[in-house]
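Each remark here refers to the structure printed beneath this line.
The values are calculated or read from the model by the stated rules, or taken from the named source; none is laboratory data. These numbers come from a predicted model, not from an experiment. Glycine also receives a Cβ, built like all others from the backbone with ideal geometry; neighbour counts cover every protein chain displayed.
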Amino acid sequence: MATNSTDLDELKKNVDNVFIMTNAIIVCLMQSGFACLEAGAVRSKNTTNIIMKNIMDIFISCISYWLVGYALAYGEGNSILGYTYWAGIGLPANKMSHWFFQFIFAATAATIVSGAVAERCNFIAYIVYSIGISGIVYPPISRWVWTEVGWLNRLGYVDFSGCGPVHLLGGVCSFFGALFLGPRLGRFESQDGNSEKEEIVGHSVPLVGLGTMILITGFLSFNGGSLGSMTNPGDGDIIARVITNTVLGGTGGAITILIASKMGFCGPPVWNFSLTVNAALIGMVSVCAGVNNMAMWASFVCGVTAGPIYVLIRSIMIRCRVDDPLDAVAVHFGGGLWGLIAASLFDNNGLVFGAVSESSLSTMFQILWHRIIGAAAIIVWGGFASCVMFGTLKYLGKLRVSEEDERRGLDLAMHNEPGYHPSGWKTFPPVAPWQTSLLSTTDVTHRGRKHQKNNAHNLRSTNFVNEAFVDTENGDRAVEETSKM
């Protein structure tokens, strides 16, 4: 019997480890979602830069979290910081899955900032802030919230899947990053210096849509995997509730803003795509804190109320002339802060229902107060660390690229690799194999020259390239420089 019990315990541990690792891998795919979302929302001349930053975020955060982050978060220590497991030394094998899951959370907190600083942030600055957020800024907060000795956990702060440590923190860092960088050229002033707001639109709606769908899928594991096990009694029911409520939160946000935009409350009366997808994301963010303890209707209501919060914060950011190309502050700061409050209102023990006596009502207000304290601590720590990082980089002249590089595009200025190389737009008339014998070499060459000329003209007309010419003798097109687009 003892042997059977030991074998069963070992099986449970293995199943839980596989559960954690599988969900962590799916959450890792959120990096792909952020990459597509951000790449589509910026101009084509900055596509390579955006995608490279999101790819490198995984590796840079991995080094930072491996060397320093996990030790600060989960090493032996006090209620504020840990001091063991530096560089993974002494880390038990049974904590490897937990390390990997938390590393992905740290990388997610860092990559949120990428969208807010897009199109004008120096690549060196990106490396510095990614190291700082994943290795130094995020780990103490996760210790405060998710360890038995953490001071917020002891106080009574409850956050199921990172509403505060990941999203609120990411939103705070995004705000200060965008603030220190300043707006993109031409965002709030036209090129001739007139103070007129100029909307800078992205280059690919399909990429934005693809990124959103990947993020929605990743969110299900982001929240569902946060339970950390699936073998304890009732775990399956909790996981099902978490995933269901996550979808309902996103649904509430998306449907609310979709209808509001068509009714003209968010601008022209159209079915606005970009507002709707961001409203879906803030809806999913807003349920993170109490997603395991909410009724289905409560999750939906939480998402419904999160949508207008997104639109409000977005409008405030624009009015204050803080340029956030991806609305990262509105989605993650707004969703994170509202989510902590909403969890105290709408979960099964919240203020909206369940107050049967003065003592229980007092307890509910106490839980709300603890979450407010936790939110304040995250904002203060994240804001202080962000000011140090971005302020130092700005002082050293390493935060923002030059005006020339920004106008040229970061793809060429920093990587010399355009996201859409003009040579890829060369087209020739389709010729079936059986037709080639009927065409003389002169005919094929003439047709090729004609289409190349037309293609070069089309590229000029769409501002895809600045200078292009066609050699009429050889039928070759040479492209010297990509355009502003």
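Scan segment 109-150 for residues that are aliphatic (A, V, I, L, M) and more than 15 Å from the chain's Cα centre (by Cα) and jot them down.
Those that are aliphatic (A, V, I, L, M) and more than 15 Å from the chain's Cα centre (by Cα): I124, A125, I127, V128, I131, I136, V137, I141, V145, V149.
Of all residues in segment 368-409, those satisfying the criterion of being assigned to a loop (DSSP other than H, G, I, E, B) and without any contact (Cβ under 8 Å) to a residue 12 or more places away in the chain are L396, G397, S402. Does L81 fit the bill of being of a type outside the set (S, T, N, Q) and within 24 Å of the chain's Cα centre (by Cα)? Criteria not met by L81.
If you go through segment 409-427 and keep only what is modelled with pLDDT of 95 or more and charged (D, E, K, R), you end up with just D411. Checked against (1) touching a helix residue (DSSP H, G or I) at 6+ places or on another chain (Cβ under 8 Å); (2) surrounded by fewer than 18 Cβ atoms within 10 Å (Cβ to Cβ); (3) polar (S, T, N, Q); (4) at pLDDT 95 or above, T108 passes all but a single condition, namely (2).
Within segment 63-86, residues that are in contact (Cβ under 8 Å) with a residue 12 or more places away in the chain sit with their Cβ atoms under 7 Å from residues that are among the acidic types (D, E) and surrounded by fewer than 16 Cβ atoms within 10 Å (Cβ to Cβ), at 6+ positions apart or across chains, in these pairs: G82/E76; Y83/E76; T84/E76. Restricting attention to segment 274-319, the residues being over 20 Å from the mean Cα position of the chain (by Cα) and among the charged types (D, E, K, R) number 1.
Given the structure, is V15 at pLDDT 95 or above and surrounded by fewer than 18 Cβ atoms within 10 Å (Cβ to Cβ)? Yes: the conditions hold for V15. Contact map, segment 134-148: first residue in contact (Cβ under 8 Å) with a residue 12 or more places away in the chain, second residue of a type in the set (D, E, K, R) and surrounded by 24 or more Cβ atoms within 10 Å (Cβ to Cβ), Cβ cut-off under 6 Å, separation 6 or more or different chains; pairs are V145/D159. Among the residues of segment 191-200, is any of a type in the set (V, I, T) and at pLDDT 95 or above? Within segment 191-200, none of the residues are of a type in the set (V, I, T) and at pLDDT 95 or above. Within segment 152-178, residues that are assigned to a helix (DSSP H, G or I) reach partners that are among the acidic types (D, E) with beta carbons closer than 7 Å, at six or more positions or on different chains, in the pairs P165/D159; S174/D324; A178/D323; A178/D324. Selection of segment 197-232 for residues being assigned to a helix (DSSP H, G or I) and under 30 Å from E10 (Cα atoms) yields G218, F219, L220, S221, F222, N223, G224, G225, S226, L227.
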